[in-house]
Each structure stands twice: as C-alpha cells, then as structure tokens.
Amino acid sequence: MNLRIGCELVYRFPQPTPIILVVNVHESRLQDLVEPDRLSAEPSIEISSYLDGFGNKCTRLLAPEGLLRLSVDGVIRDSGLPDEITAEAWQDEVPDLPEENLVFLLGSRYCETDLLTNTAWQLFSGITPGYARAKAICDYVHNHLTFNYGNARSTRSAAQAYEERSGVCRDFAHLAIAFCRSMNIPARYCTGYLSDIGTPLPHPSGDFAAWIEVWIGGRWHMFDPRNNVPRIGRILMARGRDASDVAIATTFGPNMLESFRVWTDEIVEIEGN
C-alpha cells in the first residue's frame with residue numbers, strides 16, 4: 001500500500017527569523033519512500049539539514065520578512081498491516097538495560113516522574129511487569145483523559161494532564177511515558193503521520209499524531225494511548241524524550257501561523273478495463 005504524506009505551513013514574519021523544522025520521515029523509514037519527502041519553501045530560500053542527538057532529521061532555515069510557505073510532499077510504501085501486538089514481551093530489570101536507554105527512565109520537560117511516581121506505583125504495581133503493565137498504563141491513560149482539541153495548550157505537562165483529565169494526543173503520550181518511567185520502563189515520545197484507514201467516518205481534519213515506544217522484551221514496542229487500538233498507516237517522523245525534543249517547528253522570533261495542513265492519504269490504483 002502506498003500513502004501520500006505531507007504538510008503545509010504558512011507563516012507571516014515581521015522580521016527575518018531562524019527556524020528549525022522536524023518534518024521529514026525518520027531515517028528508519030527512508031527505504032520505504034517511493035517519492036522523497038523534500039521540503040520546499042516559497043519564496044525560495046537556503047535550506048540545510050542535520051541529525052540531532054536522537055537521530056532525527058532537522059532542517060534549518062532563515063525565514064525572510066513577510067509570508068513564507070513551507071511544504072513537504074512525498075509517497076511512502078507501507079505494509080497495510082495494523083500495529084504489532086506482542087503480549088509475551090517481558091520487562092527488563094534496570095541493571096540489564098542498554099546504557100543508551102537509561103535517559104528514557106528519567107523525568108523530562110513534560111514528563112514529571114517526581115510528581116507521578118507514587119501515583120504510578122499505587123495504580124500499576126499489582127500488574128504483571130512487561131507488556132501487561134505497559135498496556136494497563138495505556139488503558140488507564142486512554143480512559144482517564146478526554147480528548148479535547150479545543151482545550152489544547154503547548155505548556156500542559158503530564159502531571160497537569162492527569163489533574164485536568166483532558167488533553168490532545170501529546171498529553172496522552174506524556175502521561176503514559178511518565179507512568180512507564182515511574183515503573184522503571186524506558187519510554188520515549190514519537191511523532192509522525194497516522195492515516196484514518198479502517199476507522200469510521202467522519203474523519204477529522206489531518207494532523208500529526210503522537211504515540212510512545214516502550215522498551216520491553218529486549219526491544220522497543222509501539223503503544224498509542226490516545227487511540228488505544230491497532231491502526232494502519234503509522235509513519236514515524238521523530239523520537240525524543242518528550243514533545244520538546246521533536247517540535248514540528250521551533251521559531252526564534254515573533255511570527256504568526258496563518259494556516260496548517262497535514263495529509264496521510266492512501267493512493268488507490270484504478271485498474272484498467
């Protein structure tokens with residue numbers, strides 16, 4: 001199955017402004033690209049790229065004063081299969097964890113383990129370690145929070161989402177990550193495209209999605225506390241400790257986002273007669 005993926009961001013800048021963007025498919029999916037997801041700018045400006053400390057492709061540019069249209073469009077091959085479920089995965093003991101995973105046990109900007117550890121142990125200590133415990137955390141977060149796009153805010157943390165019982169997909173991810181880390185399960189934040197294939201109509205407007213990966217059974221496994229069911233057409237863009245590491249756009253100056261579109265559409269081939 002092929003998916004057309006992309007986004008368009010239109011900004012207005014009162015002065016020249018540096019920007020860092022994270023809008024390309026993660027290198028782990030590069031081999032699946034049928035058409036490269038190149039970033040283009042209108043008006044045309046110089047664009048450079050680098051890999052950050054988490055292996056994400058980042059793009060740097062200097063936005064000129066006035067209107068700037070940034071767009072990405074590509075085609076990627078996907079299996080068409082729903083997310084994998086591995087119920088037999090165990091929980092690794094902390095001394096057995098790879099050193100590079102230890103950072104994903106620590107508190108971070110949006111995931112305050114110090115505020116949520118006691119709550120996590122009260123809620124999940126009786127659950128069998130491993131997949132069952134990670135799934136119980138995601139089930140709890142899915143049921144505890146109410147999705148409310150109109151109530152979104154960029155400053156809401158995991159502890160605040162827990163208290164307010166409301167949020168968007170990033171808040172679901174942050175709370176699940178904080179609970180997992182509190183239970184000594186390495187967990188990291190993921191962002192990317194997610195198609196609506198196989199979901200009932202009406203479909204919401206396109207947007208980027210957030211989910212998590214947890215280290216159980218000796219490798220990373222995907223969980224989605226927001227949707228909490230296997231989905232088709234999940235395309236990773238970036239990973240990090242939380243949303244602060246993988247912001248779609250980081251601007252170093254005043255600006256106004258005038259429009260924002262995201263698409264993840266199946267390309268249906270029509271057979272000839």
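For the chain, modelled as a GNM whose springs connect Cα atoms under 10 angstrom apart, the maximal fluctuation among Phe223, Phe13, Phe172 occurs at Phe13. If you run the Gaussian network model on the chain, springs between alpha carbon atoms under 10 Å, then out of Val168, Val229, Val214 the most flexible one is Val229. In terms of packing, defined here as the mean over residues of other Cβ atoms within 10 angstrom, the peptides 184-192, 230-238 line up highest first as 184-192, 230-238.
When each of the peptides 102-109, 56-63 is scored by the mean number of other C-beta atoms lying within 10 Å of its residues, the order from highest to lowest reads 56-63, 102-109. Between Ser108 and residues 5 or more places away or on another chain, which pairs have amide H atoms under 5 Å apart, with H built 1.01 Å from N, and which residues are they? Hits under the 5 Å cutoff: Thr113.
About the centre of its Cα atoms, segment 221-273 shows a dipole size close to 320 debye [charges on the beta carbon of Lys, Arg (+1) and Asp, Glu (-1) only; nearest 20 debye]. In summary, the convex hull built on the alpha carbon positions of segment 46-100 has an orientation-averaged projected area of 8.0 nm².
Within the assembled protein chains, the solvent-accessible surface assigned to Phe147 is about 80 Å², based on a 1.4 Å probe. Here is the size of segment 143-273 from its Cα atoms: Rg then Dmax, 16.4, 59 Å. An ellipsoid equivalent to segment 197-264, defined through the eigenvalues of its Cα gyration tensor, has semi-axes of 25, 21, 8 Å when rounded to whole angstrom and sorted largest first. Ordered by 1.4 Å accessible area with all protein chains kept, Ile47, Ile85 run largest first as Ile85, Ile47. Annotation: Ser44 carries an accessible surface of approximately 110 Å², with a 1.4 Å probe and no ligand, DNA or RNA atoms counted. Based on the reciprocal of the average 1/r between different C-alpha atoms, the Kirkwood radius for the chain equals 19.6 Å.
Farthest toward the positive end of the dipole of segment 181-273, out of Trp215, His203, Ile248, is the Cα of Trp215, where the dipole comes from beta carbon charges about the Cα centre.
Between Gly192 and Ala209, Met237, the built amide H atoms are under 5 Å apart, and every one of these is 5 or more places off in sequence or on another chain. Sequentially through segment 19-27, phi angles give Karplus couplings (6.51, -1.76, 1.60; θ = phi - 60°) of 9, 10, 10, 10, 10, 10, 4, 4, 4 Hz, Gly and Pro residues having no value and appearing as x. Stretching the chain fully between His203 and Leu62 yields a gain of 47.2 nm (0.36 nm per residue, less the alpha carbon separation). With a ≥ b ≥ c the root eigenvalues of the C-alpha gyration tensor of segment 94-163, is it rounded (a/c under 1.5), prolate (a/b larger than b/c) or oblate? Taking the square roots of the gyration eigenvalues as a ≥ b ≥ c, segment 94-163 is oblate. Taking all Cα pairs closer than 8 Å and separated by 6 or more residues, the relative contact order of the chain comes to 29 percent. Think of each Lys and Arg Cβ as +1 and each Asp and Glu Cβ as -1; about the Cα centre, that makes the dipole of segment 178-273 roughly 600 debye.
Rounded to the nearest whole Å², what accessible area per residue is found for the chain with the 1.4 Å probe?
Values: 13370 Å² over 273 residues.
That works out to 49 Å² for each residue.
Only Cα pairs within less than 10 Å get springs; with that Gaussian network setup on the chain, which residue of Ser244, Ser259, Ser28 has the largest fluctuation? Top of the fluctuation ranking is Ser259.
Shown in residue order for segment 40-50 are the 3J(HN,Hα) couplings computed by the Karplus curve 6.51 cos²θ - 1.76 cosθ + 1.60 at θ = phi - 60°: 10, 10, 9, x, 5, 9, 6, 10, 10, 10, 7 Hz (x for Gly and Pro). Split the accessible area of segment 2-148 by element, probe 1.4 Å, and carbon with sulfur accounts for 51%. Placing +1 on each Lys and Arg Cβ and -1 on each Asp and Glu Cβ, with no other charges, gives the chain a dipole about its Cα centre of roughly 540 debye. Each residue of segment 68-81 is assigned a 3J(HN,Hα), and the resulting list reads 9, 10, 10, 9, 10, 8, x, 10, 10, 8, 10, 5, x, 9 Hz, derived from the Karplus form 6.51 cos²θ - 1.76 cosθ + 1.60 (θ = phi - 60°), x at Gly and Pro. Computed over neighbours whose Cβ is under 15 Å from that of Tyr131, the net charge equals -4, Lys and Arg +1, Asp and Glu -1.
The values are calculated or read from the model by the stated rules, or taken from the named source; none is laboratory data. Treat the numbers as computed from the prediction; the structure is a model and nothing was measured. As a convention, Cβ positions derive from the backbone with ideal geometry for all residues, glycine included, and neighbour counts pool all protein chains shown. What goes into the accessible areas is simple: the full protein's heavy atoms, side chains included, and nothing from ligands, DNA or RNA. Shrake-Rupley method; radii C 1.70, N 1.55, O 1.52, S 1.80 Å.
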